[in-house]
Amino acid sequence: MRGRALVVLLALASLLAVVSPPLPGGERGELGGTVGRIVDGDTIYVRLTTGVEKVRYIGIDTPEVHHPTRGEEPGGREATEVNRRLLGDHPVRLETDVQLRDRYGRLLAYVWIRRPEGEVMVNAELVRLGYAAVMTVPPNVRHIELFRRLAAEARQHHRGLWAQPVAPSR
């Protein structure tokens, strides 16, 4: 019985290694790179020393720009543009959480940029500005309380996608 359990555990470990490949070079935790392309408000390509990774921001969701069935959602272009302005030409630092990759093979990360006033987490800034909603996908919940607080403030102050429509002037 123990032999069978060991075989099952080894099979599961092998499957997880295939489904969730390690970070380039086997690192875990943090990587540095430069943004190669911005897909939308919550997905970018990052050039690392070992190659290019498609990166999905952890903990947030922005309206889609290129969804295969829903097409472009309202606010998608705005969220993408805010993401582009935040990233600028800054190098990025990627902070991973418990789960490294999603079911599509994208690297999951909190994306940080260095500014003169200090480091800024792009995920959190998109929520604070009102261009991203909180999307919790356990086990990646390290910054969830920060995101929830920032989302409540964005809604309360009608920022970004939470802005009230302006009445036409007469």
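A few remarks follow.
- Boolean, LEU150 is in a helix (DSSP H, G or I) and free of Cβ contacts under 8 Å to residues at least 40 places away in the same chain: yes
- Any chance ALA133 is surrounded by 16 or more Cβ atoms within 10 Å (Cβ to Cβ), in contact with a Ser or Thr (Cβ under 8 Å, 6 or more places away or on another chain), among the aliphatic types (A, V, I, L, M) and farther than 23 Å from GLY33 by Cα: yes
- Within segment 109-126, residues that are farther than 11 Å from ILE60 by Cα reach partners that are charged (D, E, K, R) with beta carbons closer than 6 Å, at six or more positions or on different chains, in the pairs TRP112/ARG93; TRP112/GLU119.
- Exactly one residue out of VAL92, VAL82, VAL35 is part of a strand (DSSP E or B), out of contact with any Pro (no Cβ under 9 Å at 6 or more places or on another chain) and either surrounded by 20 or more Cβ atoms within 10 Å (Cβ to Cβ) or not aliphatic (A, V, I, L, M) (or both), and it is VAL92.
- In segment 108-142, of all residues being in contact with a helix residue (DSSP H, G or I) (Cβ under 7 Å, 6 or more places away or on another chain) and of a type in the set (Val, Ile, Thr), the one that is nearest to ALA163 (Cα to Cα) corresponds to VAL127.
- Taken residue by residue, segment 99-113 has no member that is part of a strand (DSSP E or B) and farther than 16 Å from ASP42 by Cα.
- Of everything in segment 114-126 that is in a strand (DSSP E or B) and over 11 Å from the mean Cα position of the chain (by Cα), the residue that is farthest from ARG47 (Cα to Cα) is GLY118.
- Residue selected from segment 50-79 under the condition of a type in the set (A, V, I, L, M, F, W, C) and closer than 24 Å to ILE144 by Cβ, by the criterion surrounded by the most Cβ atoms within 10 Å (Cβ to Cβ): ILE58
Throughout, read-outs are computed from the coordinates displayed, never taken from laboratory work. Every value quoted in this text rests on a predicted model; they were computed, and no experiment measured them. Neighbour counts are summed over all protein chains in view; Cβ atoms, including those assigned to glycine, are modelled from backbone coordinates with ideal geometry.
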